[in-house]
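Data block below; observations after.
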Amino acid sequence: MWLLLAFASAILLGFYDVSKKQALKDNAVLSVLLLNTFFSTLLFSPVIVACAGGWNWFEGTPLYCAQANWSAHALVILKSAIVLSSWVFGYFALKHLPLTIVGPINATRPVMVLVGAMLIYGERLNAYQWIGVLLAIVSLFLLGRSSRKEGVDFRHDMWILMLAAAAVLGAVSGLYDKFISRQLEPMFVQSWYTLYQFLMMSVTVAILRLPRRDRPSPFHWSWAIPLISIFLSAADLCYFFALSHDDAMISVVSMVRRGSVIVSFAFGALLFRERNLKTKILDLVLILIGMLFLWMGTK
C-alpha cells in the first residue's frame, strides 16, 4: 500500500512542477511562493481550526487531527523552515531553467536520501534497488553533458547551484520526515506545517519588500498559482500516509516520488516547447528503468 501511495504522490508532484513553471512565467518568485503557502493553508484551515480547538469534526476520517503539545509543534516548525528554504532556492532555479533539466536533476535527489537513510536509519537496499540508484546517478552525469548545448554549465551556472541547494535541503527534509512520521500523525504534520510556512513566508516577504515598496515586483494573476497548492497538498498527503506504514523505506519512497519527472518532462516538451529533447530523453529512459528496478526490489 505504501508503494502505491508513493506512486500517486509522484504523479501529483509532476503536475505540481508544471503548475509552478507556468505560474512563475513573468512573475516575481517570492509573490508566487507566498500565495502558494497561503492557498495551502487555506485548504487545511478547517483541519487546523478543529485541531486547535480540540473539536472532533473529522473524527473517523483521514482528515482527523488530534491536539498535540508544543514539542510536537516545534518539530513541525523545523520541518517548515527546511522545506521553505528548499522551495526558495528551487523556485528561483525553476524560473530560469528549462523544466526538462530541472525535472531529471530533481529525480536524482533520492540518492542523497539513500546515503542518509543508510547512515542514520540503517536501511539496506537489495541488488535491484542498487541498480535503480546507479541508473539515476548515470542519468545525472549525462544530463550535465547534454545541458551544455543550452548554455547551462553545471559547474558555474548560478541557477544550477540554487537547484543543487534545493536538492540538498529537500534530501534533509526527506530524512527528517522519516523521523517525525514515527512520532506525529500525518495530518497533524501536513496541516500545521502549511500554516507555519505561510507565517514564515509572510515575514520574509515583508522584510525584503518593505525597503523596496516604491519599486513593486512584477506580478500578474494565474490560475496555475492555486493549482500549485492543490497538487502539492495532495502529493504530500499521499507521501506522509506512505511513510506512516511501519515497513515503508524512505529511500524507496523518495526515489519513486521523483518519477514525477515523467509528467514534468512531457509538459516541458509539449506545453513549453523546450529544446534539445533527443539527448534528454535518454536521461528520462534511464530514470524510468531505475523506477522499474526499485519497484522490483520491493517485491
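Can you give me the accessible area per residue for segment 1-83, using a 1.4 Å probe, in Å²?
Roughly 45 Å² per residue, with all protein chains present.
Students sometimes get this wrong: rank M118, M112, M1 by accessible area, probe 1.4 Å, all chains present, largest first.
M1, M112, M118
So, R0 is 22 Å and r is the distance between the beta-carbons of K25 and A266; what FRET efficiency does that work out to, to 0.05?
0.75
Just to confirm my numbers, what's the Cα centroid distance between segment 16-64 and segment 172-192 in Å?
About 16 Å separates the Cα centre of segment 16-64 from the one of segment 172-192.
Express in % the proportion of alpha carbon pairs of segment 1-137 at distances exceeding 27 Å.
In whole percent, the share of Cα-Cα pairs in segment 1-137 beyond 27 Å is 40.
Cβ neighbours within 10 Å, averaged per peptide: list 32-39, 62-69, 84-91 in order, most packed at the top.
32-39, 84-91, 62-69
The values are calculated or read from the model by the stated rules, or taken from the named source; none is laboratory data. A quick note: this is a predicted structure, and the numbers were derived from the prediction, not measured. FYI the Cβ positions are ideal-geometry reconstructions off the backbone, even for glycines, and counts take in every protein chain you see. Accessible surface areas use protein heavy atoms only, side chains included; no ligands, DNA or RNA. Shrake-Rupley method; radii C 1.70, N 1.55, O 1.52, S 1.80 Å.
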